[in-house]
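Asker: Sending over a structure as structure tokens; questions will come in a sec.
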Amino acid sequence: FDSKLPRTGTTIFTQMSELAAKHQAINLSQGFPDFDGPSELLNRVDHYIQQGANQYAPMTGVPTLRQAIQSKLSRCYNHQADVDTDITVTSGATEALFATISAFVQQGDEVIVFDPAYDSYDPAIRLNGGIPVHIALLPPSFAIDWQTVANAVTEKTKIIIVNSPHNPTGTVFSSNDLDALYELAEQHDLLVLSDEVYEHIVFEGAEHQSVLRHKALAKRSVVVSSFGKTYHTTGWKIGYCVAPAALMAEVRKVHQYLTFSSSTPMQLALADYLAAHPEHDEILPSFYQQKRDFFNKAMSSSRFTFTPSPGTYFQLMDYSAIQDIPDSEFALWLIETAGVAAIPISVFYQTPPEDLRLVRFCFAKQTSTLSDAAKQLITL
Ligand code: PMP
Ligand code: GLN
């Protein structure tokens, strides 16, 4: 048979976590916390399982969770979503991204993605017969040059995928980015797929620039988020997407045959927790900023160089003072030499800049893990 994805291998996250386990390295590669979410949330899952909430959830998500999401969207972004038509709970953000791309991309449609890009976008576009158009963002700022984007738009361009706060660089959108995105999308009648899974992890008191804040832009956007990031529950795989009813109707046509619905007890537990603890979103930035600052301080005597990440739970570090080798090689060397796993970022580029000397560390870890890792890294 002909492979539908001939150039796609196993994702870097699986590769690096497996290598970390094999070498018993400290795993700062794949992005997940090494601590649990709030015990009240975990206990609610148990509660609902014992209550018998163990059968299919409604296709669009349990009503109490959609209601809690609606309140949160109103509170955080002043966005008034219709609970019945505009919100769908999915099996992680990954499913929402795939369902949205499948719902709209037709043979030959072009989709703009910004490299370094989260690795699920490109294969999802290709599987649907689309053509990913990669625009490289370059260090140190990784900022989007909207004129370059405008030049890349053709009459075949259907969707533009944006991701703020951005994995793997940590960069965040300004309100100017939203305006520029809106102008471009409006002028060329583009759909916007906005991956906002790190919406509540923005530092230094900055506001997350959700596409939902921009009323006209929200009308042509599907916004995707994930409870995995916000509630330290990446393994639950519960996410959601938000879009105007007409767009959401198309996404649901795919979602209902991709997974139909997502885990019932977890949705019910999240619904209760969201409704009872709206303050969780507000605490999260300082919770992660402390971790970022702790790790960066511990690394300050190392030969890595870096500027503090503005968002996400990732920190890029430049290793050029330690080794002058490509980042994938460096990541292997790092596991073997320092016993610490990181993610090379060239894998997120279609054409990586040749002199890229950056790796990504995940700081969603206990202080002891971060401190143990830094102790190893400062010896290099
Ligand atoms: N988008 C981005 C930018 C991510 O970093 C992740 C990873 N965790 C996802 C989507 C997927 O989220 P989920 O685990 O909820 O599927
Ligand atoms: N989003 C996580 C990361 O960037 C990984 C998700 C996954 O393993 N698929 O590390």
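Asker: Which whole-number percentage describes the relative contact order of the chain, with Cα contacts under 8 Å and a sequence gap of 6 or more?
Answerer: That works out to 26 percent.
Asker: How far, in nm, would the chain grow between T351 and Q67 when pulled straight, counting 0.36 nm per residue and subtracting the alpha carbon separation?
Answerer: 98.0 nm
Asker: Run the helix sum for the chain: -39,500 (n - 2.57) per DSSP H stretch of 4+ residues, divided by residue count, reported at 222 nm to the nearest 500 deg cm²/dmol.
Answerer: Values: 14 runs with 156 residues, N = 380.
Roughly -12500 deg cm²/dmol at 222 nm, from the helical runs in the chain.
Asker: So for the pair S368, W146, with labels modelled 7 Å out along Cα→Cβ, what separation do we get in nm?
Answerer: 4.9
Asker: Provide the percentage of antiparallel DSSP beta bridges, counting only those with both residues in the stretch 39-276; round to the nearest 5.
Answerer: Working: 8 of 26 bridges.
Percent antiparallel among DSSP bridges in the stretch 39-276 is about 30.
Asker: Report the charge-dipole magnitude of the stretch 17-129 in Debye, nearest 20, computed about the Cα centre from +1 at each Lys and Arg Cβ and -1 at each Asp and Glu Cβ.
Answerer: Numbers: 6 positive and 14 negative charges, 55 e Å.
Value, rounded to 20: 260 debye.
Asker: What's the local net charge at F363, with K and R +1, D and E -1, over the other residues with C-beta under 14 Å away? Mind dumping the intermediate values first?
Answerer: On the way: positive: K229, K291, R292, K297, R360, K365; negative: D34, D293, D372.
Net of charged neighbours comes to +3.
Asker: Find how much the distance from E250 to D82 grows on full extension, using 0.36 nm per residue of separation minus their present alpha carbon separation; answer in nm with one decimal.
Answerer: 58.9 nm
Asker: Going 7 Å from the Cα of Q290 in the Cα-to-Cβ direction, what parts of the stretch 18-37 have a backbone nitrogen less than 18 Å from that spot?
Answerer: The answer is 33-37, whose backbone nitrogens lie closer than 18 Å to the label point.
Asker: 7 Å from Cα along Cα→Cβ at both S174 and D324: what's the point-to-point distance in nm?
Answerer: Distance between label points: 3.5 nm.
Asker: Among P33, A117, V105, pick out the residue whose Cα is farthest towards the positive end of the charge dipole of the chain, where Lys and Arg carry +1 and Asp and Glu carry -1 on C-beta, about the Cα centre.
Answerer: Farthest along the dipole direction, towards plus: P33.
Asker: Could you give each residue of the stretch 43-50 its phi-based ³J(HN,Hα) in whole Hz, using Karplus coefficients 6.51, -1.76, 1.60 with θ = phi - 60°, and x for Gly or Pro?
Answerer: So the Karplus estimates, Gly and Pro as x, are 5, 5, 4, 4, 3, 5, 5, 5 Hz.
Asker: A follow-up question, please. In the neighborhood of H277, defined by Cβ-to-Cβ distances under 14 Å, what is the net charge if each Lys or Arg adds +1 and each Asp or Glu adds -1?
Answerer: Cβ neighbours under 14 Å give a net charge of -2.
Asker: Now for a separate question. By the scheme Lys and Arg +1, Asp and Glu -1, what is the net charge of all other residues having a beta-carbon under 13 Å from that of W333?
Answerer: It works out to a net charge of -3.
Asker: If you don't mind, another one. What shape does the chain take by its C-alpha gyration tensor, where a ≥ b ≥ c are the square roots of the eigenvalues and a/c under 1.5 counts as rounded, a/b above b/c as prolate, and the rest as oblate?
Answerer: Verdict is oblate for the chain.
Asker: So between L332 and L380, what do we pick up on full extension, going 0.36 nm a residue minus the alpha carbon distance?
Answerer: 15.9 nm
Asker: Something else now. How high is the relative contact order of the stretch 1-121? Use alpha-carbon pairs under 8 Å, at least six apart in sequence, and give a whole percent.
Answerer: 15
Asker: Within 10 Å of each residue's Cβ, count the other Cβ atoms and sort T234, T85 from fewest upward. Numbers along the way, then the final one.
Answerer: Values: T234 18, T85 15.
So the residues, fewest neighbours to most, are T85, T234.
Just so you know, all these numbers are worked out from the coordinates, no wet-lab data involved. Remember, predicted model here, so these are calculated numbers, not experimental data. Every residue, glycine among them, receives a Cβ derived from its backbone with ideal geometry; neighbour counts consider all protein chains shown.
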